Amino acid sequence: MTTAEVRALLAAPPVAALLPVGSTEPHGPHLPLATDVIISEVACERAVGRLEAAGIGAVIAPSVPYGVTDYAAGFAGAIGVPAAALTAFLRAVVERLLGDGFTHVCLVNNHLEPAHDAAVRAAIEGLPAGAASVACPLTRRWGRTLSAEFKSGACHAGRYETSLVLAADRAVRASYKDLPSLDVSLSRAILEGKATFAEIGMPDAYTGAPSEATSAEGDALYERLAEMVVREVSEAAGAG
């Protein structure tokens with residue numbers, strides 16, 4: 001959009017800014033480092049029309065591709081930032097978007113490392129009611145609407161994320177079809193205190209069953225992620 005186009009859009013509130021957040025980290029030998037960002041972007045794309053149908057204008061802000069990626073330590077391409085830096089950066093962006101005239105900002109996050117999720121949520125603490133929200137499937141409310149693999153916790157670059165990237169048509173390597181399944185629950189390992197993919201038993205930075213992924217499943221999952229975004233924005237904006 002040009003500056004004139006943004007000015008015209010903001011002249012007819014309410015208008016929400018959807019801010020895709022993710023990470024730059026390994027997702028197996030078959031998915032791009034930008035997997036989490038891609039998922040957030042496509043979820044936002046599919047939410048825009050639904051929000052407009054509900055009477056809320058919406059645009060997608062430029063993505064934030066870096067996050068807290070401590071679990072990927074030791075892998076090439078794992079480019080993380082400290083939690084405090086991420087929180088401060090996101091807070092500054094949110095405040096500038098609100099100052100520019102957007103009535104609501106939703107941080108749409110699909111990088112599920114707990115410290116990253118906490119840093120994202122900290123970025124909107126203390127803002128006026130209705131000003132901002134976080135849409136992330138890490139919460140039980142939204143996680144329970146997703147696939148069985150996601151709910152098992154064995155879902156880093158497995159069937160869940162591979163299906164989503166296939167549906168987004170973003171450079172999935174054909175090798176995913178030949179990868180063996182790995183039944184290691186990332187969420188359980190985190191609760192047990194394990195701190196890296198290597199400690200968890202994920203030597204190739206994936207777990208789950210990538211070979212079972214399909215584009216059709218990815219499309220169905222995006223419907224649920226888009227609904228997550230719409231509900232978070234609508235409910236938070238209504239509380240303002």
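FYI, it's all coordinate maths here, none of it is from the lab. It should be emphasised that the depicted structure is a prediction, and the values quoted were computed from it without experimental measurement. Virtual Cβ from ideal backbone geometry, glycine too; neighbours counted across all protein chains shown.
Annotations
- Springs between Cα atoms under 10 Å define the GNM used for the chain, and in it the highest mean-square fluctuation of VAL21, VAL134, VAL81 occurs at VAL81.
- Charge tally for LEU33 (other residues, Cβ to Cβ under 12 Å; Lys, Arg +1; Asp, Glu -1): -1.
- For the stretch 156-164, 3J(HN,Hα) computed residue by residue from phi via the Karplus equation (6.51, -1.76, 1.60; θ = phi - 60°) reads 8, 6, x, 4, 4, 6, 5, 4, 5 Hz, glycine and proline entered as x.
- For the stretch 7-113, the spherically averaged projection of the C-alpha convex hull amounts to 7.1 nm².
- Burial ordering of THR2, THR24, fewest other beta-carbon atoms within 10 Å first: THR2, THR24
- Ranked list, fewest to most other Cβ atoms within 10 Å of each Cβ, for THR207, THR162: THR207, THR162
- For the stretch 39-51, backbone phi angles converted through the Karplus equation (6.51, -1.76, 1.60; θ = phi - 60°) give residue-by-residue couplings of 4, 5, 5, 5, 4, 5, 4, 7, 8, 4, x, 5, 5 Hz, Gly and Pro being listed as x.
- Taking amide H as placed 1.01 Å from N in the peptide plane, the amide H of ALA132 sits under 5 Å from that of VAL105, each at least 5 places away or on another chain.
- As an equivalent ellipsoid, the chain spans semi-axes of 31, 19, 15 angstrom, where each value is the square root of five times an eigenvalue of the C-alpha gyration tensor, largest first.
- Sites matching GluC sites (Glu not before Pro) across the stretch 141-238 that sit in DSSP coil, with at most 14 neighbouring C-beta atoms within 10 Å: GLU192
- The H on the amide N of ALA58, modeled in the peptide plane, is under 5 Å from the matching H of ALA16, each at least 5 residues off or on a different chain.
- Sequence of ASP36, ASP100, ASP117, ASP70 once ranked by neighbouring C-beta atoms within 10 Å, starting from the fewest: ASP100, ASP70, ASP117, ASP36
- Over the Cα atoms of the stretch 108-240, the radius of gyration divided by the Kirkwood radius equals 1.01; this is the Rg/Rh ratio.
- Cβ-based net charge around ILE124, under 13 Å, with every Lys or Arg adding one and every Asp or Glu removing one: -2
- Using the Karplus relation 6.51 cos²θ - 1.76 cosθ + 1.60 with θ = phi - 60°, the per-residue 3J(HN,Hα) values for the stretch 115-123 come to 5, 5, 4, 5, 5, 5, 5, 5, 5 Hz, with x marking Gly and Pro.
- Dividing the summed helix terms, -39500 (n - 2.57) for each DSSP H run of n ≥ 4, by the number of residues in the chain produces a 222 nm estimate of -13500 deg cm²/dmol to the nearest 500.
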